[in-house]
Each structure stands twice: as structure tokens, then as C-alpha cells.
Amino acid sequence: MSDVSTVFSGSGAGMRARSASYVSDLIQSVADRGRLLIGYPRLSGGDHPAVLRLAEALMSVRGEASGVALAQQMLQAYAALPIAERRIVLNDMARRYGPDLTALLAASKAFLATPTLALAATVQKAAEPRALELIRRLNLAPGGTPSLVAMRADLLACIGSDPLLADLDRAFAASFASWFNRGFLEMQRIDWSTSANVLEKIIRYEAVHAISGWDDLRRRLAPQDRRLYAFFHPALIDEPLIFVEVALTTAIPSTIAPLLAGQPSPAPDTPANTAVFYSISNAQAGLRGVSFGNFLIKHVVEELKRELPRLQTFVTLSPVPGFAAWLTSVIDNDTDGLLSPEDRRVLNFVDRPNWHEKASASEPVHRVLLPLAAHYFLRARTPGGRVIDPVARFHLGNGARLERINPLGDVSRKGLATSHGLMVNYIYNRDEIEANHEIFANKNEVVAASAVRKLLRSRAVPKTVASHA
């Protein structure tokens, strides 16, 4: 894989960028020579039949220079298509480049007749979709990796429930899992001196709490009590893959507004003892499902502990994006008998404007919501048996503990719409991470503080739920 296999030496982003530029120029020169050899002109546009013809030519060519040239031509022609024609290309790729069923049948019969390791390997090879080879060859092109990431983003946008497209996506996912493994990732701290090109992308890619502009970004980067870290990959220059925003505080926060407003957390004479991960954003839609976040959080914890040895607590302030939708489904079909008639009456308040600003509405609502939220995390499951909330799955899978449920943690329009204002804290205890991960991964059990578990049996309205297990 030419974009990834080069070993980058030296130190600093500038050295890495120069190394990547040198490699990119070298590959481009190979592509230019190959284009002349095969007689293909540079394409500025085209239609989907032309792209598919280039794919067939690429799969049949043997020479390296001609392969690089054809790969570049196909990716350029694909990128120039309108989205409707790109979808035609993806559908055709899914149909054409699945496994060779004739070869698979023959290999399977041979293995059944004489089961050997060599014939088992033949079966495995024949079962692979030809799309894997097409993707590998496309990645030989200059800029092949980012172009394929963009192509997969198109695929995910139209995949629906089409099994053929799902098979094609599995080929992309298998390739990306190898290309974007932890060994190729580099963590960098982003601050106000980082290049404007990267900072603009941080603004654009922030997916949890939108950044309204440069002043807002400065509030998240410039103060001494703020940090932002991102993972980068050598094939995607100046393109963050995932990033996490951190506030340094003297206590576990229960609301997001002060953090987003940039209010200083610790007093000048009070050193911070808590690192709060308040936003984690995946930046590349085409890399959905490729795991980076677990590595990033653990990396950041170690980096912060090295820089600031006084830090004792590593905690998130996380959204609960699936709660409101789940509650609506419970209201519509309460098969578990979670709601009494009085609960239903109280929950009508959340449909009223500014209900959260009135104690006469918010207090009874939280008496109902908090036990329901505890049930949502601890007992509710998808039809496949998974924890419902995607953010919970992420942090619990990384070994965190569900520490606290915060009413009115996020009273923004988005927060009220998706979670009725609830936010939660997940604690990353360095001594418990591995054990918590094993409990969640092997037993599908949520490790939670006792105060969260007590909510299942409580109708009290805690101002904040106690945070110690």
C-alpha cells in the first residue's frame, strides 16, 4: 500500500509532511509515466460507464506503472461524477466484484474430498470478494487512501439494507482496519498555533457541540485549562481522524454550558485534579466503524498524567443521544410496564416550551426521567442484546464506569431534543479499565456506580447523583 507503507522518520509535523509530499510526488511521477505507456489522457470528467471500464482495465493490468495510472484515472473520474452516478458505480462494483462463486465451489469440493491446510487456504482465498483486490489496486494511486475513504463515505450514505452493498462495505472495512491500525496513527496536540488548515477542519468536523467560529474555537484551545488532541494518519495529511476536547477542572462537572462558554475551571491558586473529556468527534465519515477512540482516550490519559501528575480523575461529560427516542418508544409501547398513568401525565411536560426552566415542571419530570434513564443504561437492550446508547457502548467498551446521570446537563435545543437535557459522566479509572472492559465485553454487563443503580428503585430527585461507587 504505497500511501501507508513508507516509514516516516524525523520529528515534527513539518518533517512528516515533507516526507509524505516526497512519496506522493514519486508516486505521481510513476502514474504519469504509466499514463503515457497505456495512452490514457488525463480525465477531467466522464460518466459511470467510463469509470467501470477503467475498473475492468485496472483489474486486468499487470504492470505497476500502468496500474498506478489506471487507478488514478478511475479515482479522478469517479470523483468527478454527480452523486447519483457514483451510486450506480458502487452498485455495479458490488455486483461485479464479489467472490468468484465458480472458483469457490471448486475449491470447496476439493477441500471436502481432501481436507488439508493448503486446500483450506485455497477456499479462504476463493471466498474473498474481488473488491478487495480492486480496492488494493486503487490504493496504489497518488492520494489513493483519502480517495477511497471518500468513496466509502458515499457507500455508507446509500447502503440501506442492500446486501450486495453491505458485502462491498465489508471489503472496504477489512482494508481500512489493516491500513488504519494503531501502528500507523499519531497523536498530536492541537492548539492555537496549529495550522489554520487543521483548525478549520476541527471547526467543521466537531460533531458533539458545534463550534460557531474562530472565537468559539479559541475558547476551546487557548486557555491553560483546555486541551485538544487528535489522531492523524500519514496518508491523510492535515486530516484529523478523530479528536477529543478536554477541560481541566477541580470537580466532576454536571453541565456542559460553563465548559463551552470557556469559563475558567480551576481557581488560579487551585491546581486542577480532574480531566474532563467533553467532546469526542469522528472526523472522517468514510472511516465509520474503524476503532480509534479507545486508543485516543487511553493515549490522552497517559499524556495528561505525564504532563500534570496532580490529575487524579479522568471523566467524561457525555451526551445521551438515544434516550429521547427510546423513551418515545416506551410511551408508545410499554411492554415492560415502566410507566404509571401518573408518569405519563408528568412526561407531557417535556413537550412544552421551556419546561426545564420551571421547577413546577422540571422536578416532577426528573423524578420520572432519572429512574427511566437508569433502566435505559442498565437493563434496556437492542433486539440484538446490545446496550442501546451508542455513546455508552463506546465508553463502556473502553473500560469506563457509568458514574453519574445529570439532569439538565445540556439544555441546548439539541440536548433537549435528543435526551431531554440528560448528560452522564463516565469515569476512566486507570486501575479498573481492563477489568471493566472484560465485564462489558464478556458478560454484557454495565459497570455503574451504586448511586446509578439505586435510581432503578428510587423516585427521589437528587440535585446531582452521588458519584462514588
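At-a-glance table
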| read-out | value |
| --- | --- |
| Some residue of region 146-158 being part of a loop (DSSP other than H, G, I, E, B) and of a type in the set (S, T, N, Q) | no |
| Test set (1) at pLDDT 95 or above; (2) of a type outside the set (S, T, Y); (3) open to solvent by 20 Å² or more (accessible area, probe 1.4 Å); (4) over 28 Å from H299 (Cβ atoms) - R401 fails condition number | (4) |
| Those helices (runs of 4 or more DSSP H) lying entirely in region 291-360 with at least 2 residues under 28 Å from A441 (Cβ atoms) and in contact (Cβ under 8 Å) with a residue 40 or more places away in the chain | 293-307, 323-332 |
| Checking A131 against (1) open to solvent by less than 60 Å² (accessible area, probe 1.4 Å); (2) touching a Ser or Thr at 6+ places or on another chain (Cβ under 8 Å); (3) assigned to a helix (DSSP H, G or I), the condition it does not meet | (2) |
| Near pairs, Cβ below 8 angstrom, 6+ apart or cross-chain, from region 82-102 (under 18 Å from C158 (Cα atoms)) to any residue that is of a type in the set (S, T, Y) | R86/Y78; V89/Y78 |
| Per-region count, region 362-404, residues assigned to a helix (DSSP H, G or I), under 14 Å from A325 (Cα atoms) and in contact with a Phe, Trp or Tyr (Cβ under 7 Å, 6 or more places away or on another chain) | 2 |
| D410 being at pLDDT below 95 and either over 28 Å from G337 (Cα atoms) or out of contact with any helix residue (DSSP H, G or I) (no Cβ under 6 Å at 6 or more places or on another chain) (or both) | no |
| Cβ pairs under 6 Å, 6+ apart, first in region 189-218 and in contact (Cβ under 8 Å) with a residue 24 or more places away in the chain and surrounded by 13 or more Cβ atoms within 10 Å (Cβ to Cβ), second acidic (D, E) and assigned to a loop (DSSP other than H, G, I, E, B) | V198/D238 |
| Positions within region 142-174 being open to solvent by less than 10 Å² (accessible area, probe 1.4 Å) and more than 17 Å from I88 (Cβ to Cβ), in sequence order | G144, T145, L148, V149, A171, F172 |
| Residues of region 301-323 that turn out to be open to solvent by 10 Å² or more (accessible area, probe 1.4 Å) and over 20 Å from the mean Cα position of the chain (by Cα), as a count | 10 |
| Residue that is nearest to the chain's Cα centre (by Cα) [pool: residues in region 82-117 that are among the hydroxyl-bearing types (S, T, Y) and loosely packed, with under 10 Cβ neighbours inside 10 Å] | T102 |
| When residues of region 412-432 are limited to those that are in contact with a Lys or Arg (Cβ under 9 Å, 6 or more places away or on another chain) and either open to solvent by 20 Å² or more (accessible area, probe 1.4 Å) or of a type in the set (S, T, N, Q) (or both), the one farthest from N273 (Cα to Cα) | E432 |
| Criterion (farther than 25 Å from W214 by Cα, open to solvent by 60 Å² or more (accessible area, probe 1.4 Å) and at pLDDT 95 or above) met by exactly one of T335, T328 | T328 |
| Of the criteria (1) in contact (Cβ under 8 Å) with a residue 12 or more places away in the chain; (2) within 29 Å of G399 (Cα to Cα); (3) not aromatic (F, W, Y), which one P258 fails | (1) |
| Search result, residues across region 294-303 that are out of contact with any helix residue (DSSP H, G or I) (no Cβ under 6 Å at 6 or more places or on another chain) and under 12 Å from A230 (Cα atoms) | L296, I297, H299, V300 |
| Some residue of region 170-178 being charged (D, E, K, R) and touching a helix residue (DSSP H, G or I) at 6+ places or on another chain (Cβ under 7 Å) | no |
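The values are calculated or read from the model by the stated rules, or taken from the named source; none is laboratory data. All figures in this text were calculated on a predicted structure; none of them were measured in a lab. Here the Cβ is made from the backbone with ideal geometry for all residues, glycine too, and neighbour counts use every protein chain on show. The protein model used for the area step is the full one, side chains on, heavy atoms only, and it has no ligands, DNA or RNA in it. Shrake-Rupley method; radii C 1.70, N 1.55, O 1.52, S 1.80 Å.
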